[in-house]
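J.: I have a structure here, written as structure tokens, and I will follow up with some questions on it.
The values are calculated or read from the model by the stated rules, or taken from the named source; none is laboratory data. Everything numeric in this text was worked out from a predicted model, so none of it was measured. Because the Cβ atoms are built from the backbone with ideal geometry, glycine has one as well, and the counts that use them run over all protein chains shown.
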Amino acid sequence: MAALDAAGFDADVKVGVNQDLRKQVREMVAAKHPPSLEEMRSFVAAHHRRDRTADLNQYISFALTLNGPPDFPYRYKPNELPPEVGALAGLETIIANFYAEANVEELWKRVQPVYEQEIARYHEPVTKALLQVNGYLRNPTSGYLGRRFQIYIDVLAPPSQVQSRSFKDDYFVVVTPSAEPQTDQVRHAYLHYLLDPLALKFFLALSRIKGAAEYASAAPALKEAYKDDFTLLATECLIQAVESRLAPASQRQDMIDRDLREGYVLTPAFAEGLVEFEKQQLAMRMFYPDLMDLVDLRKEEKRLNSVHFAPAQRPEQKEAATPEPAPTGGEKLLQEAEQTMYRDKDLDKSREMYLRVLREQAPPRVHARAYYGLARIASLNRDPELAEKLFEKTVESSPDDETKSWAWLYLARLADASDRREEAVEHYRSAMSVAGAPAEVKKAAEKGIQEPFTRKQ
């Protein structure tokens, strides 16, 4: 951040709680006349993004993938770096030169007390908030599944931001200066750290309630990312449900109602399930499948049919679009088969409907979805040989990217279950290589490459 600030990054921001310190650091850097500063200015200008948040995002991601001075090597393998970091290739060399030329080691010693003061301001409220979460979820505080949660407080960064990143087994939260400690946002990030892996670990249990996500698509205020990614939506709903249970009793229902109106359609169901969680002794990492089983889709359907979603906070002007035609033939039957599997849990009826889809004249992607549905039914019925054949048929049938990536992921896990590790790794890589693969597939495939999948995962 010292290099970026000296190079003019975010220079148009003239107010903020850290402006005096930023000015002081810029003056100290300028006094050193580092030759790399001009190269740094050119790099920042060439990689500038109009969106202020996106502009900062790329540099935070970059910083968190580096090991540190004096050479600033990457701590992850090239194929493990996020795309925005790859776009900044070469910056590590400029930063290493700047570090030496500006004598940042000495500069750090001069400003370190300011950082320590800010860290001290956060220490007690953040510690209390994280212990509260650990106590509620019954999570051991000595580490979680070999993963690490690290909070950085950067006093030089643009103010009032909380950003989180997840790289392999490391989860980072970067906090920038603000008038009051942003404790709630840090707690929210910590809940993601604890609950994100459970959505992947118990993806079959979670997929049973996927039918509720259809209602979220009608919520104008809900971000598109949640509409496109059910795992992301479900985890956010669970986090908000937990936050409601941690709030004073008088505020809980208002919080749940607000979240529901904004499109977080599973928050009420999860909040009710958490009442049952509180009555027993299992930790959330063990109770998670039971929590999913507590969701009554018929009950939620009635609840969601009566919801009046909140309007978008910033409505966007869009050109009038021609309404999509209602699905017919194979596509309509495919939707009914999916609903029968997820909502009614009637695997036999669902199987018959998928088979009927295959007998219909329909685009290849529709037939691929039918094979995919039959493969999941075979998997649920513990017939791995049939499931494997059907998943293979899925990827051979010109599926859409999402279906294709999920099929490769299932094939990888079936191979792992049969001790065919090399084949499993190849399938995981195939899943990650699909251009339109959802984020949860890529995360699960990355984890599968690192360690074999087991039923307990």
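J.: May I ask you to list the residues in region 128-145 that are under 20 Å from Tyr288 (Cα atoms) and either at pLDDT below 90 or touching a helix residue (DSSP H, G or I) at 6+ places or on another chain (Cβ under 7 Å) (or both)?
T.: Hits for region 128-145 are Leu130, Gln132, Val133, Tyr136, Leu137, Arg138, Asn139, Pro140, Thr141, Gly143, Tyr144, Leu145.
J.: While we're on this one: If a residue counts only when it is over 15 Å from Leu4 (Cα atoms) and not charged (D, E, K, R), which helices (runs of 4 or more DSSP H) contained entirely in region 19-125 have at least 3 such residues? Before the answer, list the steps.
T.: Values: elements: 19-32, 36-46, 52-64, 83-86, 91-101.
Fully inside region 19-125 and qualifying: 83-86.
J.: So which residues in region 196-230 are under 22 Å from Arg147 (Cα atoms), touching a Phe, Trp or Tyr at 6+ places or on another chain (Cβ under 7 Å) and in a helix (DSSP H, G or I)?
T.: The first filter runs over region 196-230 and keeps only residues under 22 Å from Arg147 (Cα atoms), leaving 196-203.
Add one more test, that the residue is touching a Phe, Trp or Tyr at 6+ places or on another chain (Cβ under 7 Å), and what stays is 198, 202.
Residue satisfying the conditions is Leu198 alone.
J.: Next question, about the same structure. Within region 9-56, count every residue that is modelled with pLDDT under 85 and over 29 Å from the mean Cα position of the chain (by Cα).
T.: Number satisfying all stated conditions: 10.
J.: Considering each residue of region 231-248, count those that are free of Cβ contacts under 8 Å to residues at least 60 places away in the same chain, crowded, with 18+ Cβ neighbours inside 10 Å and not β-branched (Val, Ile, Thr), and give that number. Write out each step before concluding.
T.: So in region 231-248, the residues free of Cβ contacts under 8 Å to residues at least 60 places away in the same chain come out as 233-241, 243-244, 247-248.
When the remaining residues are screened for being crowded, with 18+ Cβ neighbours inside 10 Å, the result is 233-241, 243-244.
Add one more test, that the residue is not β-branched (Val, Ile, Thr), and what stays is 233-234, 236-238, 240-241, 243-244.
Total meeting the criteria: 9.
J.: Of the residues Leu274, Leu304, Leu297, Leu291, only one is crowded, with 17+ Cβ neighbours inside 10 Å, more than 22 Å from Glu243 (Cβ to Cβ) and at pLDDT 90 or above; which?
T.: Leu297
J.: Test Arg285 against the criterion of being of a type in the set (D, E, K, R) and surrounded by fewer than 11 Cβ atoms within 10 Å (Cβ to Cβ), and give yes or no.
T.: Against the criterion (of a type in the set (D, E, K, R) and surrounded by fewer than 11 Cβ atoms within 10 Å (Cβ to Cβ)), Arg285 does not qualify.
J.: Show me the helices (runs of 4 or more DSSP H) found entirely inside region 363-457 where at least 2 residues are in contact with a Leu (Cβ under 8 Å, 6 or more places away or on another chain) and within 21 Å of Pro289 (Cα to Cα).
T.: 364-380, 439-450
J.: Further, regarding this structure: In region 99-109, what count of residues is obtained for those that are closer than 17 Å to Ile153 by Cα and of a type in the set (D, E, K, R)?
T.: Matching residues across region 99-109 total 1.
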